[in-house]
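All of the numbers you see were taken from the coordinates with simple rules; none came from a lab. What you see is a predicted model, and the numbers here were worked out from it, not measured in a lab. Cβ placement follows ideal geometry from the backbone for every residue including glycine, while neighbour counts extend to all protein chains displayed.
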Amino acid sequence: MRVLVVEDERKIAESLRKGLSAEQYDVSVAYTGEEGFYLVNAQTFDLVILDIMLPGRDGIEILSTLRKRDAQTPVLILTAKDAVEDRVTGLDSGADDYLTKPFAFAELLARIRALTRRGRQEQAQALRVADLEMDLVGRRVTRDSQPIDLTAKEFGVLECLVRHGGSVVSRDMLAREVWNETTWVAPLYNVIDVHIARLRRKVDEPFPAKLIHTVRGVGFVVREDDK
Amino acid sequence: MRHWSIRARLTVYYAFALALIILAFCAGIYWLIRADLLQQMNAQLSQDLSTVSRAARKEPEEAMEVAEEGLVTLFVLQSQGRVIATAPGWRHEGLQSARPIAPGIVQTPQHRVYYTKQGAAHTRDSRIEITVARDGEPLRHTLRSLGLALLAGLACALGLALAGGYVLAGRVLAPVGAMASTARAITADRLSDRLPVHNPDDELGRLAATFNSTLARLEDSFDRLRRFTSDASHELRTPLAAMKSVGEVALRDEADFAAHREAIGSMLEEVDRLARLVDSLLTLTRADAGTATLSSVPTDLSGLISEVADCLRALADEKQIALSVTEDADVWARVDPVVLKQAVINLLDNAVKYTPQGGQVRVSLAHADGRATIEVTDTGPGIPREDRERVFDRFYRGGKSRSSDSGGVGLGLAIAEWAVQANGGNIELADREGRGCAFRITLPSEKGGGVSSS
């Protein structure tokens, strides 16, 4: 899958290249607006990650040029401006999603996955990881066929973690997906940690194999083996 | 004139007023003296007339003797339009061919001006018309000299007035100039300087006092800004220092992969802390700049509080804190729910954070007299009386007991204060006499959905 990253900050651009390449994406990087403009016009990509504030050509300009030619390619904009107006401008110009700097790489990956599988997302009825089974319709959880009693929020957190199967989920993502909190609220971090601790007590402690892992400084992941 | 200095304008106004007064005064003097001189002339002419007439009443020739004696030198006698006698002086001065230039005034071909007066003398058989004249030059000369003298005086007075006015205005305005140069010397670094107030009751004293109070306010806000900046830098430096040392130590160690992971994770935690801090600072900066755009929608406060309480209940449960919510149902207010929620979250989060295990946190919502009151009380250590004033200050963390290991950076209450005030409400710390904290938010509100969308 070909991904174009237009980002003038070299460190960020390089880390994106490395990180995305490690995830098996074919990454091209443009460091200036001009370069991005040229690449967007000359080649076809499956996804464009676009910084809004660029020297030379502004990200919005590249976006509208791209949209004139091709309405399909999903575009994710990166912005340091988190003011509402900037997000609106970006989305109005045809961006499919935005991410505010600083962002968690885990979240970027999740967004990319969501954007590239748009349209062909089947509504799962049940999720499973190892011996953990989640019945999304009946809101029931079992592990090793033993029912586990979870509160609604605990269920939401576990579902979010399992859904992202194997990839790290940041606290910001949990806040957004489980608590529907778009404006970022610090106290929620502690609330999330409490819920994770409770989930561990219920889902992991009674069993020999641990499924919920903390990736320090990044977030949480549900995985079968402790790599 | 608008571009002139105040000094020049004052001087000109002053001189102009003075010139008007002096001019009126001079004109008065001139007219008085002139009238007096003319009256004298008239009296002399009358006297001449009666002298000539007395002589002519006997014989016209006798009148000539008057001329010869030099009593009256300029006269002419006529009878029925015919000249019967002329004084030698009359002819000599060329008065016979003089033409009148004004009533009672004639001018000779030699451009000399004479004042004349006519009368009549009755002899036994005829009526003799007498015209006497007197030289007008001495009178006119006197008046001319007087006029010139007065004009010269006027010019001198005007000059003096201008000079004096300029000096006076300068003296009056000198303190203003001094004030200006003092004020010019006051920069951001010297905001503690004040203008000297010589007389607090006069206009300049009041001006200086006003200026000084403005300076005091400026100094205060500069101080706060300085403190804020230094606090902010300190708070920013702490996670930076942690990141630097963790990173450096991890590099020195010939440690294994897991240890490096641990170090990187630790650094990422600090990055999160930094990001949170920067986010809070941005919120406050936007609040200060007034660029935060708030919505105003009818909001169910009861619902908002329940939502926040439910959200944070997990934290309270962890510490076995009893979190209770008592509320009047259906209290509505026109606010920005996202911003107001942040205030309530911050208050409740603080309450849970600082209340010891097994304590109590209570949230209540009441409605009275068109105002909703949200109260968050806890059974924590409370806030020392001497710190009450500073509770809402940025980076206030209340001494050592509320140190940074509680996780906050001390901006929560500052943000809460802004959030409540921006929604037209008020936030205060109620006195609980050492029985924990009680924060009270009051907002203009309605009961029973009265502020429904309109």
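Quick notes
- Shape metrics for the range B:1-138, restricted to C-alpha atoms - Rg then Dmax, Å: 23.6, 83
- Mean shadow area of the range A:126-222 over all directions, Cα convex hull, nm²: 5.9
- Taking amide H atoms as placed 1.01 Å from N in the peptide plane, the amide H of B:ARG334 lies under 5 Å from those of B:THR299, each 5 or more residues away in sequence or on another chain.
- Within-11-Å neighbourhood charge of B:SER213 [Cβ basis; K, R +1; D, E -1]: +1
- The C-alpha radius of gyration of the protein assembly as shown, expressed as a fraction of 2.2 N^0.38 Å, stands at 1.96.
- Gaussian network model of chain A, Cα within-10 Å springs - most flexible of A:ILE77, A:ILE12, A:ILE196: A:ILE12
- For chain B, the Kirkwood estimate of the hydrodynamic radius, built from every pair of different alpha carbons, is 32.9 Å.
- Cα gyration tensor shape of chain A, rounded if a/c is under 1.5, else prolate or oblate by comparing a/b with b/c: prolate
- All Cα pairs of the range B:291-335, percent lying beyond 13 Å: 63
- Per-residue mean of C-beta atoms belonging to partner chains within 10 Å, peptide B:310-318: 5
- Shape class of the range A:1-65 from the Cα gyration tensor (axes a ≥ b ≥ c, square roots of the eigenvalues): oblate, since a/c reaches 1.5 or more and a/b does not exceed b/c.
- Summed residue charge, Cβ within 14 Å of B:ARG82's Cβ, Lys/Arg positive, Asp/Glu negative: 0
- 10 Å Cβ neighbours from other chains, averaged over peptide A:187-197: 5
- Average beta carbon contacts from partner chains per residue of B:337-345, 10 Å cutoff: 2
- Going from the fewest other Cβ atoms within 10 Å to the most, the residues B:PHE25, B:PHE211 appear in the order B:PHE25, B:PHE211.
- Neighbour net charge for A:ALA126 - beta-carbon separation under 9 angstrom, K R +1, D E -1: -1
- Fewest-first sequence of A:SER64, B:SER5, A:SER145, B:SER445 by Cβ atoms within 10 Å of each Cβ: A:SER145, B:SER5, A:SER64, B:SER445
- Rounded if a/c under 1.5, otherwise prolate or oblate - the range B:297-447, Cα gyration tensor axes: prolate
- Compactness of the range A:2-116 - radius of gyration and Dmax, Cα, Å: 12.5, 34
- Simple label model, 7 Å out from Cα along Cβ direction - A:THR214 to A:MET1, nm: 3.1
- Alpha carbon convex hull of the range B:187-232, projected area averaged over orientations, nm²: 3.1
- Rounded to whole Hz, the Karplus (6.51, -1.76, 1.60) HN-Hα couplings of the range B:261-277, x for glycine and proline: 4, 4, 5, 5, x, 4, 5, 5, 4, 5, 4, 4, 4, 4, 4, 5, 5
- Cubic angstrom per residue, convex hull over Cα atoms of the range B:203-289: 79
- Couplings 3J(HN,Hα) of the range B:144-157, computed from phi: 4, 4, 4, x, 4, 4, 5, 4, 4, x, 4, 4, 4, 4 Hz, in residue order, whole Hz [Karplus 6.51 cos²θ - 1.76 cosθ + 1.60, θ = phi - 60°; x for Gly and Pro].
- Computed from the C-beta positions of B:GLN118 and B:LEU151 and an R0 of 30 Å, the FRET efficiency is 0.25 to the nearest 0.05.
- Report summary: the helix-based calculation at 222 nm, which adds -39500 (n - 2.57) for every DSSP H run with n ≥ 4 and divides by the residues of chain A, gives -12000 deg cm²/dmol.
- Alpha-carbon radius of gyration plus Dmax, which is the widest Cα pair, for the range B:231-346 in Å: 20.6, 63
- Residues whose amide H falls under 5 Å from that of A:ARG216, counting only those 5 or more places apart or on a different chain, are absent, with hydrogens built in the peptide plane.
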